[in-house]
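A short worksheet on the structure shown next.
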Amino acid sequence: MANERVVVVGAGSISNAWFPPLLAEGVTVAGVVDLNLDNARSQIDKYALGCHASANLSSTLRRTKPDFVLDLTIPAAHCNVTCKALRAGYPVIGEKPMADSMSQARRMVATADKSGKLYMVSQSRRWDANHALTRQIIAGGAIGQVAAMNCDFYIGAHFGGFRDAMPSPLILDMAIHQFDLARYLSGSDPLAVYAKEFNPAGSWYAGAAAASCIFEMTGGVVFTFRGSWCAEGCHTSWNGDWRIIGERGTMLMEKDQPPRGQVVAGSEGFHRPLADVPVPPPSLQFAGMHGSLREMLEYLRTGAKPQTECHDNIKSLAMVFAAIDSAKKGRRVEIRA
């Protein structure tokens, strides 16, 4: 069990996904910081944390001296909260997306470098048994070199609230998951994108709730994303439905079912003979936020760098803002993290 202590910043609804794994790992919550003290006190009582509620991060850090900080604030506050914690000398794990602009994200990475403290982003879809299995199969060479990846994401999501008013709700608030998964599954990084954002007939969003994006990736991989947050009926998975095409075969992930695939098993015929790809049993023990928390704890104990530390994760965020930029300009845009 852990001996580490954490200060949690942000006591909104997302904190309900974090307090259980923190408690399961034996992490001591030394303080909960929120501009709304009632929210902080409510979560402290709900999870019997027995710690202090505060609206001031700096004073809480001075008083508690935690081992790390967990940033669960809204994206617009991530840069300020994370940089303040890093400058004070504390490693940070934060919710996605890293920031609501590339300039802020770069400032956060620079602050991590200057402070010498780790900053990682919890990109929770990486800690999913089906995604981990698919990555394992692809990395093992079962389908050969990856050539193309397609992801379809179609959900009719009636959130209400701020998403209904966002200029780019799908790409900015959701597609970071699929864009990061494309990097995770293929092991490739983004080079350029051509994107089209639009708001379909019947949409209840003010901004562009649908998009089609074509990404050029390293290794010659082409990743295509098609999606909508106002597509009623025949929903895909919230993770998206995926087709990963290699030189020897194809892997599918659909409807959150275990991955399946086929590879060429002969050299004759108009359609070559095919064989199913062997899929081992899942081995991932800790999913979602619990998985990312475990990587942070492993870093604190051994120094092992988490897979979503800021220097890596900013590449996924760059895909988001490059896609939005491409849609605005109506042309291909090169991606620079």
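The values are calculated or read from the model by the stated rules, or taken from the named source; none is laboratory data. Just so you know, these numbers come straight off a predicted model, no measurement behind them. Cβ: placed from backbone, ideal geometry, glycine included. Neighbour counts: every protein chain shown.
In the set GLY144, GLY140, GLY161, GLY116, only one residue is in contact (Cβ under 8 Å) with a residue 60 or more places away in the chain, more than 20 Å from the chain's Cα centre (by Cα) and surrounded by fewer than 21 Cβ atoms within 10 Å (Cβ to Cβ); that residue is GLY144.
Yes or no, residue by residue, for (1) surrounded by 22 or more Cβ atoms within 10 Å (Cβ to Cβ); (2) of a type in the set (S, T, N, Q); (3) closer than 25 Å to ALA287 by Cα:
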{"site": "GLY12", "(1), (2), (3)": "no, no, yes"}
{"site": "SER15", "(1), (2), (3)": "yes, yes, yes"}
{"site": "PRO21", "(1), (2), (3)": "no, no, yes"}
{"site": "VAL29", "(1), (2), (3)": "yes, no, yes"}
{"site": "ASP34", "(1), (2), (3)": "yes, no, no"}
{"site": "LEU37", "(1), (2), (3)": "no, no, no"}
{"site": "SER58", "(1), (2), (3)": "no, yes, no"}
{"site": "LEU61", "(1), (2), (3)": "yes, no, no"}
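One line per residue, one yes/no per condition, for (1) assigned to a loop (DSSP other than H, G, I, E, B); (2) over 20 Å from the mean Cα position of the chain (by Cα); (3) closer than 19 Å to ALA147 by Cβ:
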residue	(1), (2), (3)
THR224	no, no, yes
GLU232	yes, yes, no
THR250	no, yes, yes
LYS255	yes, no, no
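A quick yes/no check of all residues on (1) under 18 Å from SER168 (Cα atoms); (2) crowded, with 22+ Cβ neighbours inside 10 Å:
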position: ALA206; (1), (2): yes, no
position: ALA211; (1), (2): yes, yes
position: GLU216; (1), (2): no, no
position: PHE223; (1), (2): no, yes
position: GLY227; (1), (2): yes, yes
position: CYS230; (1), (2): yes, no
position: SER237; (1), (2): no, no
position: TRP242; (1), (2): no, yes
position: ILE245; (1), (2): no, no
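The lone criterion from (1) farther than 16 Å from ASN16 by Cβ; (2) without any contact (Cβ under 8 Å) to a residue 24 or more places away in the chain left unmet by ALA30 is number (2). Apart from one condition, SER103 fits all of (1) assigned by TED's automatic domain parsing to the domain that holds GLY261; (2) within 30 Å of GLY207 (Cα to Cα); (3) surrounded by fewer than 23 Cβ atoms within 10 Å (Cβ to Cβ); the exception is (1). Scan the range 193-222 for residues that are out of contact with any helix residue (DSSP H, G or I) (no Cβ under 8 Å at 6 or more places or on another chain), among the hydroxyl-bearing types (Ser, Thr, Tyr) and either under 30 Å from GLY144 (Cβ atoms) or part of a strand (DSSP E or B) (or both) and the total you get is 2.
In this entry, ALA142 passes the filter for residues that are in the same structural domain as VAL193 (by TED's automatic domain parsing), modelled with pLDDT of 95 or more and part of a loop (DSSP other than H, G, I, E, B).
Taking each residue of the range 184-207 that is in the same structural domain as PRO167 (by TED's automatic domain parsing) and more than 18 Å from VAL320 (Cα to Cα) and looking for partners that are buried (at least 17 other Cβ atoms within 10 Å of the Cβ) and of a type in the set (Phe, Trp, Tyr) with beta-carbon atoms closer than 9 Å, six or more apart or interchain, yields SER203/TRP229; TYR205/TRP229. Filter the range 62-76 down to the residues that are more than 20 Å from VAL121 (Cβ to Cβ) and in a helix (DSSP H, G or I) and list them by number. Residues satisfying the conditions are ARG62, ARG63, THR64. If I filter the range 102-119 for residues that are touching a helix residue (DSSP H, G or I) at 6+ places or on another chain (Cβ under 8 Å), among the hydroxyl-bearing types (Ser, Thr, Tyr) and under 23 Å from SER237 (Cα atoms), do I get at least one hit? No: zero hits.
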